[in-house]
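Quick notes on the structure that follows.
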């Protein structure tokens, strides 16, 4: 089996699990009175996130990527990013979702990686994308995908920051 085909599993299986966890947390947060701010880029991210991975994996398949040193380094970056991401998710607990939902009276988390990084989940997502681009040698799809998704994340961060200020 080819490296790009194998890469589908660590990318898309966790994505499905994360979607289920997020949906469960969303229901709980909405029951607590959490509101979703207007202007969020959730819809764009919902499409762009899996599409960027799919584009990079497709490029890797077309290039015939093998388990060479570049792919190994990319896999290491991707794995480190996943570890950071799940540490961030565990630190937020039921407050973590795909959407921006902030219950009234909430404050910024200072647990786990949030002690050192303001937005570790987005650092992790950038690492997932960069690691996949490296592993798949996806210079055509990877560079614009990482830059484009970074722009979405920067807008998302501004929305989250504003929502947290309004919740306090």
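Residue 90: modelled with pLDDT of 95 or more, assigned to a helix (DSSP H, G or I) and farther than 26 Å from residue 155 by Cα, yes or no? So residue 90 does not fit the description; no.
Entry remark, the stretch 1-26: residues being over 15 Å from the mean Cα position of the chain (by Cα), over 10 Å from residue 97 (Cα atoms) and in a helix (DSSP H, G or I) number 7 in total. Residue count for the stretch 93-110, restricted to those that are assigned to a helix (DSSP H, G or I) and either buried (at least 17 other Cβ atoms within 10 Å of the Cβ) or in contact with a strand residue (DSSP E or B) (Cβ under 8 Å, 6 or more places away or on another chain) (or both): 1. All but one of (1) surrounded by 14 or more Cβ atoms within 10 Å (Cβ to Cβ); (2) outside any helix (DSSP H, G or I) hold for residue 77, so report the exception by its number. With (1) surrounded by 14 or more Cβ atoms within 10 Å (Cβ to Cβ); (2) outside any helix (DSSP H, G or I) applied to residue 77, the lone miss is (2). Number of residues in the stretch 16-27 that are surrounded by 15 or more Cβ atoms within 10 Å (Cβ to Cβ) and over 18 Å from residue 88 (Cα atoms) equals 0. Residue 29 passes every criterion in (1) out of contact with any helix residue (DSSP H, G or I) (no Cβ under 8 Å at 6 or more places or on another chain); (2) in a helix (DSSP H, G or I); (3) more than 17 Å from residue 78 (Cβ to Cβ) apart from (1). State yes or no: is residue 157 outside any loop (DSSP other than H, G, I, E, B) and farther than 25 Å from residue 92 by Cβ? Criteria not met by residue 157.
The values are calculated or read from the model by the stated rules, or taken from the named source; none is laboratory data. Treat the numbers as computed from the prediction; the structure is a model and nothing was measured. Note that each Cβ is placed from the backbone with ideal geometry, even for glycine, and that neighbours are counted across all protein chains shown.
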